[in-house]
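Attaching a single structure in structure tokens format; questions to follow.
The values are calculated or read from the model by the stated rules, or taken from the named source; none is laboratory data. None of the values given here were measured: they were computed from a predicted structure. Note: ideal-geometry Cβ built from the backbone for every residue, glycine included; neighbour counts use all protein chains shown. Ligands, DNA and RNA are stripped out before the accessible areas are found, and what is left, the full protein with its side chains, is counted by its heavy atoms. Shrake-Rupley method; radii C 1.70, N 1.55, O 1.52, S 1.80 Å.
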Amino acid sequence: MNESEIRAVVLHELRAIAPEVPAEQIRPADDLREQLDLDSMDVVNLMAALEDRLGVHIAETDHKRMASLDAAVAYLAAALQHGAPGATEPNRQ
């Protein structure tokens, strides 16, 4: 899975959590919590959805490493590429 495909998955899951914000308005380098007014439960739900879709485990301590869209894509790409614990073939939804 390439970074473009990962970005599409992340954006899809973000739209499910914050449908009122158009994807094209998300600034890739800015903090997602601030941009989308996400609370801690929203972040947990996002991480769980990404784990399910991509077949990777995202440790709770790593949530802060995925603060922006760009950071989340980079983290997930590395996890998928390096076979992070729990990494499997992505689920197609």
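Quick one: which of His63, His57 is modelled with pLDDT under 95 and under 22 Å from Asn2 (Cβ atoms)?
Details: His63 fails: under 22 Å from Asn2 (Cβ atoms).
Being modelled with pLDDT under 95 and under 22 Å from Asn2 (Cβ atoms) holds for just one of His63, His57, which is His57.
So which of Ala18, Ala8 is of a type in the set (A, V, I, L, M, F, W, C) and modelled with pLDDT of 95 or more?
Within the list Ala18, Ala8, the selection yields Ala8.
Okay, residues lined up against (1) open to solvent by 60 Å² or more (accessible area, probe 1.4 Å); (2) farther than 13 Å from Leu11 by Cβ; (3) in contact with a helix residue (DSSP H, G or I) (Cβ under 9 Å, 6 or more places away or on another chain):
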residue: Gln25; (1), (2), (3): yes, no, yes
residue: Arg33; (1), (2), (3): yes, yes, yes
residue: Val44; (1), (2), (3): yes, yes, yes
residue: Gln81; (1), (2), (3): yes, yes, no
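I would also like to ask the following. Scan (1) at pLDDT below 95; (2) in a helix (DSSP H, G or I); (3) under 18 Å from Ala67 (Cβ atoms) for the single condition Glu24 breaks and write down its number.
It is condition (3) that Glu24 fails.
Turning to a different aspect of this structure: So which residues in region 52-72 are open to solvent by 50 Å² or more (accessible area, probe 1.4 Å), over 14 Å from Ala8 (Cα atoms) and not β-branched (Val, Ile, Thr)? Spell out how you get there, then give the answer.
From region 52-72, those open to solvent by 50 Å² or more (accessible area, probe 1.4 Å) are 52, 57, 60-61, 64-65, 70; that's our starting set.
Next, from what is left, pick out any that are over 14 Å from Ala8 (Cα atoms): 52, 57, 60-61, 64-65.
Once the filter is applied, which keeps residues that are open to solvent by 50 Å² or more (accessible area, probe 1.4 Å), over 14 Å from Ala8 (Cα atoms) and not β-branched (Val, Ile, Thr), region 52-72 yields Asp52, His57, Glu60, Lys64, Arg65.
Residues are listed down the side, and each one gets a yes or a no for (1) out of contact with any Ser or Thr (no Cβ under 7 Å at 6 or more places or on another chain); (2) within 15 Å of Tyr75 (Cβ to Cβ); (3) touching a residue at least 12 places away in the same chain (Cβ under 8 Å):
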site: Arg7; (1), (2), (3): yes, yes, yes
site: Leu14; (1), (2), (3): yes, yes, yes
site: Ala18; (1), (2), (3): yes, no, yes
site: Asp31; (1), (2), (3): no, yes, yes
site: Val43; (1), (2), (3): yes, yes, yes
site: Glu51; (1), (2), (3): yes, yes, yes
site: His57; (1), (2), (3): yes, yes, yes
